[in-house]
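Comments concern the structure below.
Quick note: the coordinates plus some simple rules give every number you see, no bench work behind them. Fair warning: this is a prediction, and the values are worked out from it, not measured in the lab. In this analysis, Cβ positions are derived from the backbone assuming ideal geometry, glycine residues included, and neighbour counts consider all displayed protein chains.
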Amino acid sequence: MYGHKTNSVKPSADRNGGAETGMEQQGPTAVLAVAGVAKSFGPVQVLHHIGLQLAAGQVHAIIGENGAGKSTLMKILTGYHAPTEGQVLLDGRPIHLSGGPDGEALGIVLIHQEFNLAEHLTVEENIFLGRELTRGPFLDKARMRRLTRDWLDALECRVPATARVADLSVSDKQMVEIAKATSRSLRVLIMDEPTAVLTPTEAAALFRLIDRLKAQGVAIAYISHKLDEVKAVADQVTVLRDGRLVATRPAAELSQDDMAHLMVGRELADLYPPKAPPSADADILLDVEGLCVPGLVEDASFTLRRGEILGFAGLIGAGRTELVEGLVGLRPKTGRVRRAGRDVALTGPRQAAAQRIVYLTEDRKGKGLLLDMQMAPNVTLLALDRLSPGAFLDRKAEGAALDRAIATFDVRAGRRDIAVRALSGGNQQKLMLAKVMEIDPEIVIFDEPTRGIDIGTKQQIYHFIAQAAAQGRACIVISSELPEVIGLCHRVAVMRAGRLVGMLEGDHVNEGEIVRYATGLKSSDMKGAA
Amino acid sequence: MTAVPQPKPARAGFRIDLRLAAPLIALVALFILGALVNSAFLSTGNLTNVLTRSAFIAIIAVGATFVITAGGLDLSVGAMAAFVSGVMIIAMNWLMREFGAGWGTVVLGMLVGILVGAAAGLVNGLVITKGRIEAFIVTLGTMGIYRSLVTYLADGGTLSLNTQLRTVYRPVYYEGMLGIPWPLWVLSLVGAIGAMLLYFTRFGRYCFAIGSNEDVARYSAINIDRIKTLTYVLQGVCVAIACLIYVPRLGSASATTGLLWELEAITAVIIGGTALKGGYGRIGGSIIGAVTLALIGNIMNLSNMVSEYLNGAVQGLIIVAAVLLQRSIAARK
């Protein structure tokens, strides 16, 4: 790792400083632009005649549903894909990039959700990877550490420069990735869903950094599903739909509703289905008492009725996922769980499935789906012993299960034999939904069911959840998106620091209340709460 | 929602085909090379001989396909083969005193062999799953244990089958049916049953799932420990079956029996297209891989161009080339 890299790079702080002085003029100049860009993969055209200009010192948001062509456009901007037609222009001159290093040499940096960090190296080693500072034949560790500290401080990131990346939280990793990008002579920064894994405080720090980068004349492309963020941070907004550019307008002229309309191309008035809370005498399907997951969750008690949608709100790290993973036996736990009145020992997903309880993980790609396998084996994996009770696999039954998944959950894929990896996030989520519904569960636990999914698919998923409840199932929905919890759930449990601190019902289910409980401004003794 | 289809991996069908066909193409190429090098290569005698000798590794490789597909690894198969052979010989010699030098003794001894193989596999599987220890470490340990047990049982020398029994048992390796030696019949049967298990049963599907992503399998309510343990038991049984046809060949076992078979078996599996990191396995490929290895040795013996002492080097080159080829095929998607 050490010693063989001798190319030293001037810390770009100087260069950015230089850029800053040169950026006094206000008129936006296009740093990076695409003109008449189209892109086809084989016979499928995914982008049609796109023209877009990223101006120095401006944040240009690119929004659109999953599959609208955002990622393809982004990859063309950074040179990972070559356009089928049209040109990419840097400072008005056509450029031909071939992937990451080329783009980065020109100051075009992409930050995306799949991190590009060496897990076993430290933060500073990652930031200087491939351009280590040296003094003679040796690494100049002191200087690298000092600069790393400066860049992390600019992000208000408290991670030590010597920490191993593998030991960092997801949000800290993102911060390191951003620090790495800003440490270079940055001209164009392209961010893909940067706040998806950040806490609100971290997101605020990121926005302050974006402001500083703007002041330094960096052109920023900002891709996000969170329209409130787009509204807050963007100067220009470009909306893509079905691979076409629908509109490019100043953010000031667009309300969030306008953006949603432009993205979807139809009314989204019924984003959330009408709430139909269960009657007070509906069966109690699940009764959890004093559930503890050592070190993570303490003494959680709640009940779940037939037809109910129970939300779990709280800050990231409040212990919501840990609670339900403990409940279904994916983590060691203590406490009492009664299923329809009878004590049950849920020691793992198999025992939970036997009790008709299923858990949809928040980690679609890591824990939910076999990405390299086709759709049918994924849909049937949980229910395989039901679908093929004999010794041999029943391919017909598996095909029928996939038919059901496609018909019921509107899974859209070009072909049936496509690897699940190639599906969009929304379709993957629907496939996971279809997978757990194959065992006809009575209790369905959704963990962040709409993370990274476009608004149209979100709407569909909300309706699936409401429909499941209407069919007499009970649902638990863990979500970090408050509007979702509020719009969908009949009751909301709020967690803070591993404890269940509030159970809201009826009119109390509102943003203010949830935030007060989640942040510790308000608390109630949840012991024995129904 | 949008109606825009996802970009499809170009020529996906072609990629899969090539992956399946590559080992077979290599085999055909070897046949042509062999025929060019020495006309004796294509003689029935030579080919039967080579194929029969490759049966041991091929049968073990069928078991290894399950282990590797499910994301595991078994380094102990060579030592296990020596151990099972040794115990089988001791058992047969002992049983002969009760049941005489006849088929009854041989069949009972075979049963003992199968049981010992299954038990040895079970030990591997249980230590790996219940002890939560890397398969590499566990089987490295049992490799030493099984081999030193043979040395101990043989008191540092060789365990020999009673000569009378040897006469009875000998045809199992040297004779056959319809002109095809028994080991090849056994290999066909093992291959057919293996393919059936891997491709057409829930067990096989779970092997793929666990090898692809153990977390997904766990969250999908699959009993991972049981499936993984079963793959090692199956591996043990395959080793024992290989021993059933190996013992009549020489009629003895010693500390050097089955030396480096684990490497040959793993090489055969990898040449055959199974992914070493798990999640994708080909039974037929593994058998072709074993035959390929045997043919390479044979061709080197028949030609004067390269010293047969370099056989190991060529096999080493082949495994590296096979993995490179797999990767370049995978990169095309």
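What the table shows:
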{"quantity": "Average partner coverage of B:220-228, which counts Cβ from other chains inside 10 Å", "calculated": "5"}
{"quantity": "Among B:293, B:35, B:198 - extreme Cα towards positive end, dipole of chain B, charges at beta-carbon", "calculated": "B:198"}
{"quantity": "Farthest toward positive dipole pole in the protein assembly as shown [+1 Lys/Arg, -1 Asp/Glu at C-beta], among B:250, A:387, A:196", "calculated": "B:250"}
{"quantity": "Relative contact order (percent, whole number), chain B, Cα cutoff 8 Å, 6+ residue spacing", "calculated": "34"}
{"quantity": "Per-residue average of Cβ from other chains inside 10 Å of A:427-436", "calculated": "1"}
{"quantity": "Dipole magnitude (debye, nearest 20) for the stretch B:57-283, charges at Cβ of Lys, Arg, Asp, Glu", "calculated": "280"}
{"quantity": "Simple spin-label estimate for residue A:169 and residue A:282 in nanometres, 7 Å along Cα-Cβ", "calculated": "3.4"}
{"quantity": "Computed over chain A: relative contact order in percent, which uses C-alpha pairs under 8 Å that are six or more apart", "calculated": "15"}
{"quantity": "Cα gyration tensor shape for chain B, rounded if a/c is under 1.5, else prolate or oblate", "calculated": "oblate"}
{"quantity": "Ratio Rg/Rh [Cα only; Rh per Kirkwood] for the stretch A:169-245", "calculated": "0.96"}
{"quantity": "Helical mean residue ellipticity (222 nm; -39500 (n - 2.57) per DSSP H run of 4+; nearest 500) of chain A", "calculated": "-9500 deg cm²/dmol"}
{"quantity": "Pairs from A:396/A:458; A:39/A:226; A:367/A:522 whose Cα-Cα separation, in the structure shown, is over 29 Å", "calculated": "A:396/A:458; A:367/A:522"}
{"quantity": "Dimensionless Rg ratio for the protein assembly as shown, taking C-alpha atoms and the 2.2 N^0.38 Å reference", "calculated": "1.11"}
{"quantity": "Förster radius 35 Å - calculated FRET efficiency between residue B:305 and residue A:105 (Cβ-Cβ, nearest 0.05)", "calculated": "0.10"}
{"quantity": "In order through the stretch B:149-160: 3J(HN,Hα) via Karplus (6.51 cos²θ - 1.76 cosθ + 1.60), integer Hz, x for Gly, Pro", "calculated": "4, 5, 4, 5, 4, 8, 6, x, x, 10, 8, 10"}
{"quantity": "Least to most buried among B:238, A:475 (fewest other Cβ within 10 Å first)", "calculated": "A:475, B:238"}
{"quantity": "Cα-centre dipole for the protein assembly as shown with unit charges at Cβ (Lys and Arg positive, Asp and Glu negative), debye to 20", "calculated": "1600"}
{"quantity": "Nearest-0.05 FRET efficiency for residue A:257 and residue A:351, computed from C-beta distance (R0 56 Å)", "calculated": "0.75"}
{"quantity": "When each of A:173/A:365; A:435/B:277; A:231/A:430 is checked by Cα-Cα distance, pairs over 20 Å", "calculated": "A:435/B:277; A:231/A:430"}
{"quantity": "Rg to Rh quotient for the stretch A:363-438, alpha carbon positions, Kirkwood Rh", "calculated": "0.94"}
{"quantity": "Amide proton proximity set for residue A:314, modelled H, under 5 Å, gap of 5+", "calculated": "A:495"}
{"quantity": "Angle in degrees between helix A:170-182 and the longest Cα principal axis of chain A, rounded to the nearest 10", "calculated": "10"}
{"quantity": "Average partner coverage of A:354-366, which counts Cβ from other chains inside 10 Å", "calculated": "2"}
{"quantity": "Cut-off under 5 Å, modelled amide H: who pairs with residue A:286 long-range", "calculated": "A:304, A:340"}
{"quantity": "Where labels lie 7 Å past Cα in the beta-carbon direction, separation of residue B:140 and residue A:140 in nm", "calculated": "4.1"}
{"quantity": "For chain B, calculated [θ]222 nm from helices alone, where every DSSP H run of n ≥ 4 adds -39500 (n - 2.57)", "calculated": "-25000 deg cm²/dmol"}
{"quantity": "Cα-projected label distance for residue A:395 with residue A:343, points at 7 Å along beta-carbon direction, nm", "calculated": "4.9"}
{"quantity": "Lys/Arg +1, Asp/Glu -1 at C-beta; chain A dipole; positive extreme among A:179, A:137, A:296", "calculated": "A:137"}
{"quantity": "Förster-model FRET efficiency, 60 Å R0, residue A:40 and residue B:260, C-beta, rounded to 0.05", "calculated": "0.70"}
{"quantity": "Exposure proxy ranking, count of Cβ atoms within 10 Å, fewest first, for A:396, A:180", "calculated": "A:396, A:180"}
